[in-house]
Amino acid sequence: MEITLRYFTVLRKLTGKKQEKLDIKEDSTLEDMLALLIKRYGEGFERYVSSGRVKKGIQMVFLLNGQDIAQSGGLKTTLHNGDTITLMPPIAGG
């Protein structure tokens, strides 16, 4: 099945892309998807998204079809054909 991934901020630099399509197995979870992306993009990507957390325990935001996964099954959420996943590091300002 095919899903769409959208990247923001540092993740755009790490992947070299704003968006991409990814073929994954049926019944894959967000956790499975992250494992594939880590294989594809390597250590820098892994350090940045490891366990869905960014530096010092700050939560990265994962949106599945526009909805925060924290409201559903977290990284154990099952993906479906045509889903759009947004990977967005938190943005802080001051």
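Read-outs: derived from the displayed coordinates by stated rules, not from any lab. The structure presented is a predicted model; accordingly, all values stated were derived computationally and were not measured. All Cβ positions, even for glycine, are placed from backbone atoms using ideal geometry, and neighbour counts span all protein chains on display.
Placing a pseudo-label 7 Å from each Cα along the Cα-to-Cβ vector at residue 46 and residue 88 gives an inter-label distance of 2.8 nm. Computed over the chain, the P(r) curve from all C-alpha pair distances, binned at 10 Å from the origin, holds 16, 55, 26, 2, 0 percent per bin. Here the label points at residue 39 and residue 13, each 7 Å from Cα along the C-beta direction, are separated by 2.8 nm in the simple model.
Taking 7 Å steps out from each Cα toward its Cβ at residue 4 and residue 32 produces label points 2.2 nm apart. Remark: the residue 21-residue 72 segment gains 16.1 nm on full extension, using 0.36 nm per residue and subtracting the alpha carbon distance. Rounded to the nearest 10 degrees, the inclination of helix 30-49 to the longest alpha-carbon principal axis of the chain is 30 degrees.
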